[in-house]
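Notes to accompany the following structure.
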Amino acid sequence: MTDWHHEISAASARINGYVLRTPTAVIGGLGLSRPIEVKFEQMQHTGSFKPRGAFNTLLTKTPGPAGLVAASGGNHGAAVAYAARQLGHPARIYVPEIAGPSKIALIRDLGADLQVVPGAYANAFEQALAWEAETGAEQVHAYDTVATVAGQGSLALEWEDQGLAADTVLVAAGGGGLIAGIAAWLNGRRKVVSVEPKTCSALNSALKNGAPVDVDISGVASNALGAKRIGQICFDLAKETAMQSVLVEDQAITEAQRLLWKSHRQLVEPAGATALAALISGAYRPEKDEKIAVLVCGANIAPDPFQ
């Protein structure tokens, strides 16, 4: 059994100096009945939380001559490309066409050997596995390894160190690496609520079926939250912690994006606004005195407004 407290504490110490300590705030002005705690992780290197897991993975490995390989909907690929450049490793990144021009350009600008493939994340992952088998490149999984999950869990450790006071933390879920790391660190001391688009519901579907299952992927957040099947680590932790799961419509996600910009001048991608969408839409309704925190996790909006 994984000692998550040890793994996440070690990851936090290991990646210190490689990742940013992102800001937190208590904000209002979103049409809600109460202020909420927010962590602005979209201000992390490459515009998402992903460098935490990427650096933790790379700092525990010694890649051979073939370097690194990763499959990504976009943000993980950018994080691996950034971490590889910082640590001096070559990296090949496979992304699906739906990653979009903004994320594709970011990965290319970071110097990775970029391979854009038809289809969705699952198709990119299939080709990344083939490249690993052919060359011996070190695979950096987007969400379903202990090193990745522990790296993402450093976010929760950091947030508590910054004074997190909430009873409940709302987190967007895709493949599950981020929410798994947060749930592993909080370990039942605070409630963790998974928020997914109705059109990308890998964790919700797994919990309803009692096991990970394949789901269809579409919608505004599919290039970041579009995992076809939830990671086993996330599913196991969700079951162990009795994690609550809610679903939101695309319209609620775009409204949450709009409100974050209008009220606080925070420009975020759909996945970055998905957790907030649960409050905006009423998909999650807090109890009267329940203190709520929301993680804003991604900034790589498409199209890039300044391209």
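Out of 202, 302, 238, which single residue is outside the structural domain of residue 76 (by TED's automatic domain parsing) and out of contact with any strand residue (DSSP E or B) (no Cβ under 8 Å at 6 or more places or on another chain)?
Exactly one of 202, 302, 238 is outside the structural domain of residue 76 (by TED's automatic domain parsing) and out of contact with any strand residue (DSSP E or B) (no Cβ under 8 Å at 6 or more places or on another chain), namely 302.
Any idea which of (1) touching a helix residue (DSSP H, G or I) at 6+ places or on another chain (Cβ under 6 Å); (2) more than 30 Å from residue 289 (Cα to Cα) is the one residue 17 doesn't satisfy?
Just one mismatch for residue 17, condition (1).
Could you tell me whether residue 14 is surrounded by fewer than 22 Cβ atoms within 10 Å (Cβ to Cβ) and more than 20 Å from residue 141 (Cα to Cα)?
The answer is no for residue 14.
Which is under 17 Å from the mean Cα position of the chain (by Cα), in a loop (DSSP other than H, G, I, E, B) and at pLDDT 95 or above, of 174, 181?
From the options 174, 181, the qualifying one is 174.
Among the residues of segment 25-36, what is the count of those that are assigned to a strand (DSSP E or B) and either out of contact with any Gly (no Cβ under 9 Å at 6 or more places or on another chain) or under 16 Å from residue 153 (Cα atoms) (or both)?
3
Count, please, the residues in segment 233-249 that happen to be under 18 Å from the mean Cα position of the chain (by Cα) and touching a residue at least 24 places away in the same chain (Cβ under 8 Å).
11
How many residues does segment 37-66 contain that are assigned to a loop (DSSP other than H, G, I, E, B), small (Gly, Ala, Ser) and modelled with pLDDT of 95 or more?
0
Does residue 253 satisfy being over 17 Å from residue 144 (Cβ atoms), among the β-branched types (Val, Ile, Thr) and crowded, with 24+ Cβ neighbours inside 10 Å?
yes
Which condition number does residue 220 fail, the rest of (1) assigned to a helix (DSSP H, G or I); (2) surrounded by fewer than 24 Cβ atoms within 10 Å (Cβ to Cβ) being met?
Residue 220 satisfies every listed condition except (1).
Name the single residue, out of those in segment 181-202 being small (Gly, Ala, Ser) and in contact (Cβ under 8 Å) with a residue 40 or more places away in the chain, that is nearest to residue 214 (Cα to Cα).
That would be 201.
Any idea which of (1) under 30 Å from residue 305 (Cβ atoms); (2) in a loop (DSSP other than H, G, I, E, B) is the one residue 158 doesn't satisfy?
Answer for residue 158: the failing condition is (2).
What is the one condition in (1) assigned by TED's automatic domain parsing to the domain that holds residue 90; (2) within 20 Å of residue 81 (Cα to Cα) that residue 118 does not satisfy?
So the condition that residue 118 fails would be (2).
The values are calculated or read from the model by the stated rules, or taken from the named source; none is laboratory data. Model, not experiment: these values are computed from the prediction. All Cβ positions, even for glycine, are placed from backbone atoms using ideal geometry, and neighbour counts span all protein chains on display.
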